[in-house]
Amino acid sequence: MTTSTMDRKLDDALLLRLRVEDLLYHEADLIDRWQLEEWFALFTEDAHYYVPPSDVDGDTADPETSLFYIVDDHVRLRERIVRLGKIGAHSEHPRSKLRHLVTNVRAHRDGDIIHSRASFIVSRAKDITHDLFVGHYLHELVERDGQLKIQKKTCVLDMEALRPHARISILL
Amino acid sequence: MGVETGIINDKDAARFLVPRRAFTDRGVFEAEYKAIFDNCWLYLGHASELPEPGSFLTRTVARRPVLFTRDKDGEYNALLNACPHRGALVCRERHGKSRAFMCMYHGWTFGSDGHLMTLPGSSGYPKGFKTDPQKQMVHVPRMERFGDFFFISFAKDGEDLATYLADAGDILNLLSEQSPQGMEIIGGTQEYAIRGNWKLLAENSFDGYHAACNHSTYLEYLGNTKGALGVDPLKGEAIDLGHGHAMVEYTAPWGRPVANWVPLWGEEGKKEIDGVYNELESRLGADRAQRIAKKSRNMVIFPNLVINDVMAVTVRTFFPTAPDYMEINAWAIAPVGESEWRRKFRLYNFTEFLGPGGFATPDDVEAIEKCQQGYAVGGDAQYNDISKGMAREGVPSFDDEAQMRAFWVEWDRRLSEYGA
């Protein structure tokens, strides 16, 4: 392999990672600022959003055969956001303060799908409670009109249980 | 020396008041462990979780680490998970398959029935040491099964499980009859905690009164989702099942995989749900089939086993570790051999309402935690009101509070009579 092909491969890999990082950071920022409609617009219309429980292998578990915490298709994800906009979503009223830290982003292309893995810590603070969600994201991204869109987002919790959190009333 | 609970139960005046120190007082909390958790039958697990000889799981029950196993003969064992040598946890895995358990400290190794198999350095011990009953893992004093549900009791004596369960046993049977092949726990556990007193979750689990306000967004979500609402109204009754167990049983507009169709499931789904219903009817008769398929049930088996047979079925236990903190485990239970389609919709239904990521449970958690915070006001605001429906003539409604009064009367009795 010549130096220039190696450089080009490196450039492609870096560019891909930068594009993915850009999307993930944008996503995190939108959630932290509670701009949930804009966040929702990052998903394709056949998108899924999953949070598996901690006693299964979250990287491979199937929501059709294992009990998850969250199994959202596009319709339910929209409804989740509609719900969070209401005063009757008591768990998030008043809204909690959120901060997503996203790091260790890795991406590779497999046909039309870009797979990424990234680490996260999500902080949720609300009146007397302050909880941290720690885990990793598995994103499946696709190109739509020159933009990267999320087709699937799985949030794997690297935790033993949701204690004391009790709830995932926010978006991870 | 029983505990003075301070509950006011005045039927003539339709007053039922629970003092808030029942939720905050450290002395009450300690008394509950002695009078209730160390005496009652407590849910341990379901037979389907230990599918074959050698299967095991570990679970904390009433603060005690328990190792639940099937030995080589397929017999079930509930062992206190501590080494007789120095007390270390013997099994440190959550579940798996093994015919022996080695303590990682000094290598004492036990069979899945708890007997000491291997004693390293045995020449340092006298003859007969290895078979000394004191050197074996200790069995939980009592374990019994009701159908496929296993319960344990830390009390050596007391009534048998079937007597204890009273009419709640029939509701467990009703659940088991959903399939001719029995029921199974689906893999994946929802494990969480709530910063509130455990009795608030017992109340909340079969509270038919809070849905309209606390879960308005869930009901609106069903309304927004085309075809998610069936024709049945929310309507039903509260039933006292004896010994502190109670439930609400009612019709509801949501779909049930066994077996209440909603338009969202389409014509294919209708065929399948009709098939499920017809099987129930031919096996159990029209009345029983109707009850199983069309009615939802939220049941609390005293003190802390919840079985909610709603848009899916959850089995839930919870134990306090302090007056203002509890740990909860929740599972999904389903008919063995149901189709992939039904299993998928069941799990989709379950996560829609139930659990930390659902559209309803987070708001239950919020309510429980805000109650606990509210109790700090103290002063003259010292009672919770549990009287709804007390003056009603006839059958208590599902959105009354008769089911909670059944729980509280038993709680009161056990604490008052403890040690008396």
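The values are calculated or read from the model by the stated rules, or taken from the named source; none is laboratory data. Computed from a prediction, not measured in an experiment: that's the story for all the values here. For neighbour counting, all protein chains shown are included, and Cβ atoms are generated from backbone atoms with ideal geometry for every residue, glycine included.
Observations, loosely collected:
- Positions within the range A:37-60 being buried (at least 17 other Cβ atoms within 10 Å of the Cβ) and of a type outside the set (Phe, Trp, Tyr), in sequence order: A:Leu42, A:Ala47, A:His48, A:Val51, A:Pro52, A:Pro53, A:Ser54, A:Asp55, A:Val56, A:Gly58
- When B:Gln403 is tested against (1) more than 9 Å from chain A (Cβ to nearest Cβ); (2) under 30 Å from B:Ala293 (Cβ atoms); (3) in a helix (DSSP H, G or I); (4) at pLDDT below 95, only condition (4) is not met.
- Test for B:Ala322: is it more than 19 Å from B:Leu175 (Cβ to Cβ) and in contact (Cβ under 8 Å) with a residue 40 or more places away in the chain: yes
- For the range B:338-366, the tally of residues that are assigned to a helix (DSSP H, G or I), in contact (Cβ under 8 Å) with a residue 40 or more places away in the chain, facing chain A (nearest Cβ under 7 Å) and closer than 16 Å to A:His90 by Cα stands at 2.
- The set of residues in the range A:1-56 being assigned to a helix (DSSP H, G or I), within 20 Å of B:Gly358 (Cα to Cα) and in contact with a Lys or Arg (Cβ under 7 Å, 6 or more places away or on another chain) consists of A:Phe40 alone.
- Members of the range B:192-216 found to be farther than 15 Å from B:Glu366 by Cβ and surrounded by fewer than 19 Cβ atoms within 10 Å (Cβ to Cβ), listed by number: B:Tyr209, B:Ala212
- In the range A:1-30, the residues that are closer than 18 Å to A:Val122 by Cα reach residues that are among the basic types (Lys, Arg) and surrounded by 10 or more Cβ atoms within 10 Å (Cβ to Cβ) with C-beta atoms within less than 9 angstrom, at least six apart or across chains, in these pairs: A:Leu23/A:Lys149; A:Glu27/A:Lys153; A:Ala28/A:Arg99.
- Selection within the range A:57-85 - at the interface with chain B (Cβ under 8 Å from one of its Cβ atoms) and either among the aliphatic types (A, V, I, L, M) or assigned to a loop (DSSP other than H, G, I, E, B) (or both): A:Ala61, A:Pro63, A:Glu64, A:Thr65, A:Ser66, A:Leu67, A:Phe68, A:Tyr69, A:Ile70, A:Val71, A:Val75, A:Val82
- A single member of B:Glu191, B:Glu184, B:Glu203 is modelled with pLDDT of 95 or more and either outside the structural domain of B:Phe318 (by TED's automatic domain parsing) or in a helix (DSSP H, G or I) (or both), and it is B:Glu203.
- Applying the criterion of being more than 16 Å from A:Tyr137 (Cα to Cα) and touching a residue at least 60 places away in the same chain (Cβ under 8 Å) to the residues of the range A:92-108, the residue that is surrounded by the fewest Cβ atoms within 10 Å (Cβ to Cβ) is A:Arg95.
- The set of residues in the range B:1-27 that are closer than 29 Å to B:Phe151 by Cα, in a helix (DSSP H, G or I), more than 22 Å from the chain's Cα centre (by Cα) and in contact (Cβ under 8 Å) with a residue 60 or more places away in the chain comprises B:Thr24, B:Arg26.
- B:Gly208 fulfils the conditions (1) farther than 14 Å from B:Phe353 by Cβ; (2) within 14 Å of another protein chain (Cβ to nearest Cβ) except for a single criterion, (2).
- Residue in the range B:407-416 that is crowded, with 19+ Cβ neighbours inside 10 Å, more than 25 Å from the chain's Cα centre (by Cα), part of a helix (DSSP H, G or I) and not basic (Lys, Arg) present: no
- B:Val336 vs. criteria touching a Phe, Trp or Tyr at 6+ places or on another chain (Cβ under 6 Å) and surrounded by fewer than 23 Cβ atoms within 10 Å (Cβ to Cβ): no
- When restricted to residues that are surrounded by 12 or more Cβ atoms within 10 Å (Cβ to Cβ) and polar (S, T, N, Q), the range B:123-143 contains 1.
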